[in-house]
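The structure appears below as C-alpha cells.
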Amino acid sequence: MTAPILSVDVGAVVANWRSLAALHGGETAAVVKADAYGLGAGLIAPVLARAGCQRFFVATADEAIALRGLIAAPWIAVLNGCPAGRENDFTTQALVPVLNSLADCARWQGAARAAGRALPALLHVDTGMSRLGLDAGEWSAVLRDRSCLNGIELQFVMSHLVSAEVADAPETAAQVARFAAIAAAMPDVATSLANSSGIFLGDTARSDLARPGVALYGGNPVTGQPNPMRAVVTLAAPVLQIRVIGPGETVGYNGTWRAARRSRIATIGVGYADGLPRTLSNRLTARHDGRVVPLVGRVSMDLMTFDVTDLPDIVPGAMVDLIGPDHAVDDLAAEAGTIAYEILTSLGQRYRRVAKSV
Ligand SMILES: *Cc1c(COP(=O)(O)O)cnc(C)c1O
C-alpha cells in the first residue's frame, strides 16, 4: 500500500515566481526559509535557480549553509543575521547577513577588518514590526554618524510590512512613508520591502527587490479574494481500514463524535504529528474524487477518521485528499483556525515528498 504522499508541483512554483516578478516589475527573490515552507528546499531551490532566480532568503545560518550545498552560485541572504562566531562560515560560503542592530553592524565591521575587504550585507530598519531591525533610535544614530557602516558593502536597505495582506491598512501607509524617508537618506543603496502580499499592493510597496515566500508555494497572498497563485501542494493518504459502527457508538479519543446511524468509518495514517493540527477535529473536509469526506472525531497523533457512509467506493487503499484542487491549503488552514504558512511549515517528515513533473 502506498504511503501518504506530499506532492509538490515545482513547475507551478516557477510559474508563481515568474508571475510575482512580472507583477512586481523588478528583481524578485525567493524566500526559502523553513525548508521552503516545509515543501523541501532541495526540490525547489535548484529549480528556481535554473529558472533564473538569483537571490534567495533563508532565516538562519544553518539553513543558509544547507542551501549553499544545493545552489552554488546564487546570492543567499540570512534574515536572522550572522550569529556571533559564525562570521567565517559567512565569508567562506558567500552568505550575506541581514544586519538587524548596531551591534550586528559593529560585529560585521569586525569581520570585514579580519577579512581585509568590504563585506556585503543588508541593513534592516524596523518600520513597525517591533521584531528585528534597527529601531528608531538606532536609525537616528546611523544618520548622525555613518561610520558605523564603514567597511560594509551595503547592498540593500530593507524593512518588513506588518499587514500587507490587509487592504488599505493604515499601518502599511505609515510604514511605507517611514521606509521612503529611510531610502531617501541612502540614495545609493537599493531597497527591499514587499513580501508576497506586498507585491499585490502595487506601487505602494514597490522597491528594488521583492521577497515573496508563501505565494510561491500557492498560499493566497490576497486574503478574502480569489487566490491568484497556482496550487503547488497536494497531500493524499490511503485508507488503512474501514469499520462499521452502530448508532450511538463513538469515534476517537473522548468520543467527540457519535454515530446517529449505522456508519462506515475510514481511518488514514496521518495525524497531528504530521502537521495536521488537532483543531481540525470534527472540522476537516477531505475530498475523494471531488466529493466531501468529513473528518469525524479527534485528530490523533498518527491517525484520523472519516465518515464514509455515503461514499461506498471508499475502501481500504482508496486515497483521501487532504489538500488538493478542491480543497486548497488556505481552506484547510481556515478549518484549523490558522494560516497557510503554519500548515505548510508544519507538514512533518513522514510524508514521501515527490516533485510532480514539470
Ligand atoms: C518570511 C519573510 C518574507 C516572506 O514573507 P511571505 O509573506 O511568505 O511572502 C519576507 N521578508 C521577511 C523579512 C520575512 O521574514
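Tabulated data
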{"read-out": "Total residues in region 280-290, condition surrounded by fewer than 20 Cβ atoms within 10 Å (Cβ to Cβ) and either in contact with a Phe, Trp or Tyr (Cβ under 9 Å, 6 or more places away or on another chain) or closer than 16 Å to residue 319 by Cβ (or both)", "value": "5"}
{"read-out": "Failed criterion for residue 322 (all others in (1) part of a loop (DSSP other than H, G, I, E, B); (2) in contact with a strand residue (DSSP E or B) (Cβ under 6 Å, 6 or more places away or on another chain); (3) surrounded by 16 or more Cβ atoms within 10 Å (Cβ to Cβ) hold)", "value": "(1)"}
{"read-out": "Members of region 221-255 found to be in contact with a Gly (Cβ under 6 Å, 6 or more places away or on another chain) and either of a type in the set (Ser, Thr, Tyr) or over 30 Å from residue 43 (Cα atoms) (or both), listed by number", "value": "234, 251, 252"}
{"read-out": "Selection within region 142-166 - farther than 25 Å from residue 94 by Cα and surrounded by 14 or more Cβ atoms within 10 Å (Cβ to Cβ)", "value": "142, 161, 162, 163, 164, 165, 166"}
{"read-out": "Inter-residue pairs, beta-carbon under 6 Å, first under 30 Å from residue 228 (Cα atoms) and in region 182-199, second more than 16 Å from the ligand (Cβ to nearest atom), 6+ apart", "value": "191/183"}
{"read-out": "Matching residues, region 207-217, being over 16 Å from residue 342 (Cα atoms) and either in contact with a His (Cβ under 7 Å, 6 or more places away or on another chain) or assigned to a helix (DSSP H, G or I) (or both)", "value": "210"}
{"read-out": "Evaluation of residue 161 against (1) under 23 Å from residue 57 (Cβ atoms); (2) away from the ligand (no atom under 16 Å from the Cβ) (one fails), failing number", "value": "(2)"}
{"read-out": "Region 245-268: number of residues that are in a strand (DSSP E or B) and within 21 Å of residue 316 (Cα to Cα)", "value": "9"}
{"read-out": "Residue 348 under 18 Å from residue 232 (Cα atoms), in the same structural domain as residue 248 (by TED's automatic domain parsing), assigned to a loop (DSSP other than H, G, I, E, B) and touching a Gly at 6+ places or on another chain (Cβ under 9 Å)", "value": "yes"}
{"read-out": "Strands (runs of 3 or more DSSP E) (entirely within region 1-109) containing at least 1 residues that are of a type in the set (Asp, Glu)", "value": "5-9"}
{"read-out": "Criterion (in contact with a Lys or Arg (Cβ under 7 Å, 6 or more places away or on another chain), at pLDDT 95 or above and on the phi < 0 side of the Ramachandran plot) met by exactly one of 57, 90", "value": "57"}
{"read-out": "Region 65-98, residues that are in contact with an Asp or Glu (Cβ under 8 Å, 6 or more places away or on another chain), small (Gly, Ala, Ser) and under 15 Å from residue 45 (Cβ atoms)", "value": "none"}
{"read-out": "Condition met for residue 338 (under 30 Å from residue 51 (Cα atoms) and not assigned by TED's automatic domain parsing to the domain that holds residue 48)", "value": "no"}
{"read-out": "Selection from region 37-92 of residues that are of a type in the set (D, E, K, R) and crowded, with 16+ Cβ neighbours inside 10 Å", "value": "55, 63, 68, 86, 87, 89"}
{"read-out": "Number of the exception - residue 270 against (1) more than 17 Å from the chain's Cα centre (by Cα); (2) free of Cβ contacts under 8 Å to residues at least 60 places away in the same chain; (3) buried (at least 21 other Cβ atoms within 10 Å of the Cβ)", "value": "(2)"}
{"read-out": "Single condition residue 43 does not satisfy, out of (1) out of contact with any helix residue (DSSP H, G or I) (no Cβ under 7 Å at 6 or more places or on another chain); (2) under 23 Å from residue 323 (Cβ atoms)", "value": "(1)"}
{"read-out": "Selection from region 200-215 of residues that are more than 8 Å from the ligand (Cβ to nearest atom) and either crowded, with 19+ Cβ neighbours inside 10 Å or aliphatic (A, V, I, L, M) (or both)", "value": "200, 201, 205, 207, 209, 210"}
{"read-out": "Pairs with Cβ under 8 Å, 6+ apart, first in region 237-256 and on the phi < 0 side of the Ramachandran plot, second aromatic (Phe, Trp, Tyr) and surrounded by 14 or more Cβ atoms within 10 Å (Cβ to Cβ)", "value": "250/257; 251/257"}
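The values are calculated or read from the model by the stated rules, or taken from the named source; none is laboratory data. The shown structure was predicted, so the numbers you read here are calculated from the model rather than taken from an experiment. Neighbour counts are summed over all protein chains in view; Cβ atoms, including those assigned to glycine, are modelled from backbone coordinates with ideal geometry.
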